[in-house]
Amino acid sequence: MRRSEPVCHHLATIRYRDRPKTRGCEECLAMGDRWVHLRLCLSCGHVGCCDSSKNKHASKHYRHVKHPIVQSFEPGEDWRWCYADELYLD
C-alpha cells in the first residue's frame, strides 16, 4: 500500500504576480525595527518578517487576513510555505 503525500489545498490562493509592496518587512520598516528573514505573501504581496524575527509579521499577517501561502523573499532561496496546511511547497 502506498502512503499518500500531504497535499496543499490552498494553491488557488496564489494570485500575486507583481512587485512586492516593499523591499523589507512593511511593519518593521514603519516602526524602524529589524528583521532576520523576509517572507512574501503570494495572495497580496505583503512582505513580512519570519518567525525567527522578534516581530513575526509574516505569520501575524496570515493569522489576521488568512492568506495561507508565503514564499521566501531571501536571495537564492526558492521555497514556499502554506501556513494553513503546515507544508513546504516545491
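The values are calculated or read from the model by the stated rules, or taken from the named source; none is laboratory data. The model shown is predicted, which means the values in this text are computed figures rather than measured ones. Cβ placement follows ideal geometry from the backbone for every residue including glycine, while neighbour counts extend to all protein chains displayed. Protein only, heavy atoms only, side chains kept; ligands, DNA and RNA dropped before computing areas. Shrake-Rupley method; radii C 1.70, N 1.55, O 1.52, S 1.80 Å.
Points worth noting:
- Trp35 fulfils the conditions (1) open to solvent by 50 Å² or more (accessible area, probe 1.4 Å); (2) of a type in the set (A, V, I, L, M, F, W, C); (3) in contact with a helix residue (DSSP H, G or I) (Cβ under 8 Å, 6 or more places away or on another chain); (4) in a helix (DSSP H, G or I) except for a single criterion, (4).
- Among the residues of the stretch 14-50, the ones that are closer than 19 Å to Leu87 by Cα, touching a Lys or Arg at 6+ places or on another chain (Cβ under 9 Å) and not hydrophobic (A, V, I, L, M, F, W, C) come to 2 in all.
- Residue within the stretch 4-22 that is buried (at least 19 other Cβ atoms within 10 Å of the Cβ) and small (Gly, Ala, Ser) present: no
- Selected residue [modelled with pLDDT of 95 or more, open to solvent by less than 80 Å² (accessible area, probe 1.4 Å) and over 11 Å from the mean Cα position of the chain (by Cα)] from Cys41, Cys28, Cys49, Cys82: Cys28
- The set of residues from the stretch 49-80 being touching a Leu at 6+ places or on another chain (Cβ under 7 Å) and either assigned to a strand (DSSP E or B) or of a type in the set (Ser, Thr, Tyr) (or both) comprises Cys49, Ile69, Val70, Gln71, Arg80.
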